[in-house]
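The values are calculated or read from the model by the stated rules, or taken from the named source; none is laboratory data. Note that the structure is a prediction, hence the values are computed from the model and not measured. With ideal geometry, Cβ positions are generated from the backbone for all residues, glycine too; neighbour counts draw on all protein chains shown.
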Amino acid sequence: MMQIASVSGDQPWICTVFFVADDQQNLYWLSTPARRHSREIADNNKTAIAIAVKSDWPIIGIQSEGLSTVVKDPEIVKKVMGEYVKKYGQGADFYDNFVAGTNQHDLYKFTPKSFILFDEVNFSGNPRQILER
């Protein structure tokens, strides 16, 4: 699970989504355009994410800020949805519905600027690690 934060004016919003990653460290999720975070991303695509990798003590988590966009390229949709179906066992019809224009959901992509890794397991002396792209 991933939390994604969006903003409208001076009011932030955060929601939880299922996600998959590609080999360039982009993160993808499905959402309907009517959801609050989707509407806010349409107006302002600056977003942030957080992923709890390990939530019990000692903690590992990832945070990032970046840009979110709707994916329209059929080849990217096909590849990402293949990974999504493998991971979650859902969404097998998404690509066919995408091509037919009948999906209720859009595929969103988060492109990170950098990552902050907070890892008390592997970096106990300095758990906050900046990972530049």
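Things worth noting here:
- Look at the stretch 32-49: where a residue is at negative phi and a partner is aliphatic (A, V, I, L, M) and surrounded by fewer than 16 Cβ atoms within 10 Å (Cβ to Cβ), sitting 6+ places away or on another chain with Cβ atoms under 6 Å, you get Asn45/Leu67.
- Selected residue (criterion: farthest from Phe19 (Cα to Cα)) from residues of the stretch 83-133 that are small (Gly, Ala, Ser) and in contact (Cβ under 8 Å) with a residue 12 or more places away in the chain: Ser124
- The stretch 42-59 - residue that is in contact with a Phe, Trp or Tyr (Cβ under 7 Å, 6 or more places away or on another chain) and not in a loop (DSSP other than H, G, I, E, B) and, of those, farthest from Leu131 (Cα to Cα): Thr47
- When residues of the stretch 60-77 are limited to those that are part of a strand (DSSP E or B) and among the aliphatic types (A, V, I, L, M), the one farthest from the chain's Cα centre (by Cα): Ile60
This table checks each residue for (1) aliphatic (A, V, I, L, M); (2) modelled with pLDDT of 95 or more.
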position: Lys46; (1), (2): no, yes
position: Ala50; (1), (2): yes, yes
position: Ser68; (1), (2): no, yes
position: Lys78; (1), (2): no, no
position: Asp93; (1), (2): no, no
position: Ala100; (1), (2): yes, no
position: Gln104; (1), (2): no, no
position: Leu107; (1), (2): yes, yes
position: Leu117; (1), (2): yes, yes
